[in-house]
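Below: one structure, written as structure tokens.
Derivation of every value follows stated rules applied to the coordinates shown; laboratory data play no part. Since we're looking at a predicted model, the values are computed, not measured. Virtual Cβ from ideal backbone geometry, glycine too; neighbours counted across all protein chains shown.
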Amino acid sequence: MPRPGFVLDVDRATPPVLFHHGENFKLEKLPPGRSRIIYPGEPLEPLDDIEGAIHHALVNPHGDSEPLPALLRPGMRLTIAFDDISLPLPPMKRPDIRQRVIEQVLDLAAAAGVDDVELIAALALHRRMTEDELRHAVGDRVYDAFAPHGLLYNHDAEDPDNLTLIGTTDQGEEVEINKRAAESDLLVYVNINIVSMDGGWKSTATGLSSYRSLRHHHNVKTMQHSKSFMDRHASELHSSNWRMGKVLRDSGVKVFQIETTINNNVFGTEGPMSVLQKREWEWTTRDRVAFMGMKAGLDRMPARTRRSIFQSWRAPHQMTSVQAGEVEAVHEVTTANVYKQHLVPVEGQTDILTMGLPYICPYNVNSIMNPILVMCLGLGYFFNLYRGKPPVREGGVLIMSHPTPWEFHPVHHPSYIDFFEQVLAETTDPIEIEAKYEKSFAEDEWYRHLYRTSYAYHGVHPFYMWYWGAHAMQHLGQVIIVGGDVRAVRRLGFKPASTLQDALEMASDTVGRDATITHLHNPPILMADVT
Amino acid sequence: MKALQFERNVPRYAAAVLAGRAMPGAGARVGPLRLRDLDAPRLPGPDWVELRPRLSGICGSDLATIDGTSSRYFEPIVSFPFVPGHEIVADRKGTDGSDRVVVEPVLGCVTRNINPVCAACARGDLGNCERIAFGDLEPGLQTGFCCDTGGGWSTRMVAHPSQIHPVPADMSDEAAVIVEPTACAIHGALAAGIRDGDTVVVIGSGTLGLLTIAALRAYTPASIIMATAKYPAQRELAQELGATQVIAPSELKRAVRRTTGTLALGDGDIDRLAGGADVVVDCVGSEASVTEALAVVRPKGRVAMVGMPGHVHVDLTGLWQREITLFGAYAYGTETLDDGSRRRTFDLAFDLVRGADLGRLVTATYPLSRFTDAVAHAAAAGPRGAVKIAFDLRNERERTRA
């Protein structure tokens, strides 16, 4: 029986705690008597029979939906959309969940005589997936059967001929999605719900949409009113997507939603990385030696080599649930299953929140974690991993540990470079940035060209990363990055610190000398359920 | 009189080249520039007057001469030994602050007693004078490079009345000494032929770059002025003087692409812009700056070389294929304004110096005896938060002697 997540009060006997630090790690001693650590739950037991569970889900749908076989008929147009490279994190060992689900859907379609099938990577404004990445996601058999015939491809949010305006919500939000998906008799969407933000109507309304549609919820106001965006019922981001979902449903777009959850088995239970998901006081001598050896090796490696090693890691995530059917009914079950793995009860807020940021976020798979993504991972994703209220009080301090190099992947993140060099040099205020610069980046011809023909994130994407942190920026009194490139950290508008102790000293200017501290021991992922 | 003199001395010149390579400005310690007691220059003609410099600036071309990086192109149009200093505010002999003048240093036909004057001088384009190595004076393109006239880095010099511009009583010496480089900047800005709505890039935010920004803002209809600046003080001044965007040099290509909305060749990294800025004003004159200028200007755009270049290796294929106009803008003379009127560049410069408070660009002054410190400071002005460094002759003892 896996142990649930819990909160440890730090005392003098507590060993130094693990902080992820990009492609490296640190062990930090937290001040006893005023610090606590939120630990994630141990990996939930996976499903015994994954293939059987998928089949069961497809024929036993949730909500007002017929079983998938009943929805399939000869002559119909079937589109299968699936989550892109941003999920799961890190990428999982083969076979990927998407492959397992899609193969079964295709088998059912074939059995029903459906021969008009197309598969679309629902990447919204993310970069296109490469052939290798698509093969990893859907498997070689599916790839070889569809891609050479142009039937497996990346969604193109800038192709006016392949987008269709479905309608507008009662709040005037335009709903524009992929034309093939919209005009199909059935859209099957295959999700990997790594966190509670994923899935639901967000899959189709975001993953298959365009800038015209996305701008209605990917904006500062929405993000500042999503507290948090990991909690659908308190998230304006989700409310907007749900309104769009209603437009889709009312217009006749038929969606069969398949959602899957995975456990916290990110680093495995064996091998040198396994120590990263153990609690420090339970480290054996062997674990300590393995950790010190790994760290000593990493310390000596060039950054490029370290990055290459980490980016090649394939996580042994295992599926813990799969459910299919009507979007909202499916998503309720999925969210409950995600919470089972991630939610950790936490009592009250503290003055300081600390976190060690790992090497990966949704937007740097096989790429570089540039400073904007560091900001987004810390103030966007990790900060928002709460339900109720943030684990740090309003006006409190966030301390993040990450090397934050002034480095960008030019192919993947060209508009990020310009955003960092030109926009952040002028202001870090998300409202001002949105008003002054968003449109010109979103409509920039070169970024559009690179998004469509190369492997670049859309021109507007760095803005969304910045907005993702807008709620945190509004909530926090100060942000400090430990061990980061000083110039890059300052460009982000944050304070650089050499050590955690320095950072805590700096934080005392804002929250006093006896400030209380919460450390988010993430990854593996946890979500603080703060009361 | 006390003067810094630059003599023809090959061993010292070689030492300056080596020292200057190791540390810009170090040529002053070991090179041909020496502090000397000299006889005051004789008046070359009956109408010439004696001046006693008050402030005299150190220009980029002076630094290149001191460190031996100037082109040999200049050899036939300078005469040794000469006293440098062509940015000058001075007293007429016998006055002390009550009759100050700024020197327009070009030694054209009139100063050389050549009559009739050449076509360029007849037009008022003094900088283009075709006789700078002829006439009654030894060769010298300007005061400060001619053995007959002396220069500003001394307590005495001579000037022809045609070179002299009175300084208004309410103008400080610091403002007056910046008039000459301001005239250069105005000439460059106006020569660039900027049209309404043009996007202009200024490469470099040293003295000349900053003054060019001010000139572009005051005298041209440029819409967007993008300037590169390396150092915080430069960035601040560039913005104050009218740059709409101030960019780190390494970020220029991307910034021009973004601002002009052009496409680019390269997969995220930019190899080359498809379009670019309408006009680029290069106020540096290095191989890197010329290359960058050609890389960020649009097809059929114009690149003005305002900073003094030397030998540079540049691939001109793009200039050919994109039909770019590369042209020089040297010194000053008479300008034609948008309304068709003709005005002396120095007159415009006086107005601009006053209007934009350009005297503030003079950051530090030194006595002649500390010339090595002065040159070192000027050579490292940017990183040291400075702009214009000048010699202050006002307290030199020799100045008050008859």
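Placing +1 on the Cβ of every Lys and Arg and -1 on the Cβ of every Asp and Glu, with nothing else charged, gives segment B:149-269 a dipole about its Cα centre of roughly 280 debye.
3J(HN,Hα) along segment B:318-331: x, 4, 5, 5, 9, 6, 8, 9, 10, 9, x, 9, 10, 6 Hz, from the Karplus curve 6.51 cos²θ - 1.76 cosθ + 1.60 with θ = phi - 60°, whole Hz, x for Gly and Pro. For A:185, A:84, B:62, the sequence from fewest to most other C-beta atoms within 10 Å is A:185, A:84, B:62.
From the Kirkwood radius over Cα pairs of segment B:193-328, Stokes-Einstein at 10 °C and 1.306 mPa s returns a whole-number translational diffusion coefficient of 110 µm²/s. Structural descriptor for chain B: relative contact order 18 percent, calculated from alpha carbon pairs under 8 angstrom and at least 6 residues apart. Residues of segment B:85-128 with an amide N closer than 11 Å to a point placed 7 Å from the Cα of residue B:169 along the Cα-to-Cβ direction: B:98-99. Each Lys or Arg adds one and each Asp or Glu subtracts one; over the other residues with Cβ under 13 Å from the Cβ of residue B:61, this totals -4.
Here the simple spin-label model places points 7 Å from the Cα toward Cβ, and for residue B:330 and residue B:196 these points are separated by 3.5 nm.
Sorted largest first, the spans of the alpha carbon positions of chain A along the three principal axes are 69, 53, 44 Å. Cys residues of chain B that find no other Cys beta carbon under 4.7 Å: B:59, B:118, B:129, B:146, B:147, B:184, B:283.
Can you figure out the FRET efficiency of residue A:487 with residue A:131, using R₀ = 56 Å and their beta-carbon distance, to the nearest 0.05? Given R0 = 56 Å and the Cβ-Cβ separation, E is 0.90.
Using just the Cα positions, wrap segment A:419-490 in a convex hull and report its mean projected area in square nanometres, one decimal place.
5.7 nm²
Close amide H partners of residue A:77, meaning residues 5 or more places away or on another chain with modelled amide H under 5 Å apart, are A:185, A:186. Counting Cβ atoms of other protein chains within 10 Å of each Cβ in B:260-270 and taking the mean gives 5.
Using the alpha carbons alone, the radius of gyration of segment A:50-262 stands to its Kirkwood radius in an Rg to Rh ratio of 0.94. Spin-label model, residue B:320/residue B:35: points 7 Å from Cα along the beta carbon direction are separated by 5.3 nm.
Summing Lys and Arg as +1 and Asp and Glu as -1 over all other residues whose Cβ lies under 15 Å from the Cβ of residue A:496 gives a net charge of 0.
Cβ crowding within 10 Å ranks A:434, A:183, A:23 as A:183, A:434, A:23, fewest other Cβ atoms first.
Amide hydrogen proximity for residue A:392: with H placed 1.01 Å from N in the peptide plane, the residues at 5 or more positions away or on another chain lying under 5 Å are A:350.
What is the calculated FRET efficiency for residue B:99 to residue B:384, with r their C-beta to C-beta distance and R₀ = 35 Å, to the nearest 0.05? The value I calculate is 0.50. Size of the protein assembly as shown: Rg and Dmax of its alpha carbons, in Å, are 35.1, 113.
Taking every alpha-carbon pair in segment B:308-348 and binning the separations at 10 Å intervals from zero gives 21, 31, 25, 23 percent.
In what order do B:195, B:370 fall by count of nearby beta-carbon atoms within 10 Å, going from fewest to most? List each step's numbers first, then the result.
Numbers: B:195 12, B:370 15.
The fewest-first ordering by Cβ neighbours comes to B:195, B:370.
Using Cα positions and a limit of under 24 Å, work out the lysines in reach of residue B:2, with same-chain residues fewer than 8 apart set aside. Excluding near neighbours in sequence, the set is B:93, B:388. In segment A:408-531, Cα pairs under 8 Å separated by at least six residues give a relative contact order of 20 percent. Distant-in-sequence amide contacts of residue A:527, defined by a placed amide H-H separation under 5 Å and a gap of 5 or more residues or a different chain, comprise A:343, A:344.
Taking all pairs of distinct Cα atoms, average 1/r, flip it, and tell me the Kirkwood hydrodynamic radius of segment B:248-341 in Å to one decimal place.
Result for segment B:248-341 stands at 14.1 Å.
Taking the square roots of five times each eigenvalue of the Cα gyration tensor of segment B:44-133, the equivalent ellipsoid has semi-axes of 23, 21, 12 Å, listed largest first. Subtracting the Cα-Cα distance of residue A:145 and residue A:48 from 0.36 nm times their residue separation leaves 32.0 nm of extension gain. Per residue, the convex hull around the alpha carbon atoms of chain B comes to 133 Å³. Relative contact order, whole percent, for segment B:306-397 stands at 19, derived from Cα pairs under 8 Å and 6 or more residues apart.
For the pairs A:202/A:246; A:495/B:253; A:221/A:340; A:227/A:254; A:26/A:295, flag any whose C-alpha to C-alpha distance is greater than 20 Å. Mind showing how you got there, number by number?
On the way: A:202/A:246 12 Å; A:495/B:253 29 Å; A:221/A:340 30 Å; A:227/A:254 30 Å; A:26/A:295 9 Å.
The pairs that break the limit, which is 20 Å between Cα atoms, are A:495/B:253; A:221/A:340; A:227/A:254.
If Lys and Arg each add +1 and Asp and Glu each add -1, what is the summed charge of the other residues whose beta carbon sits under 12 Å from the beta carbon of residue A:24? Every neighbour counted, the sum reads +3.
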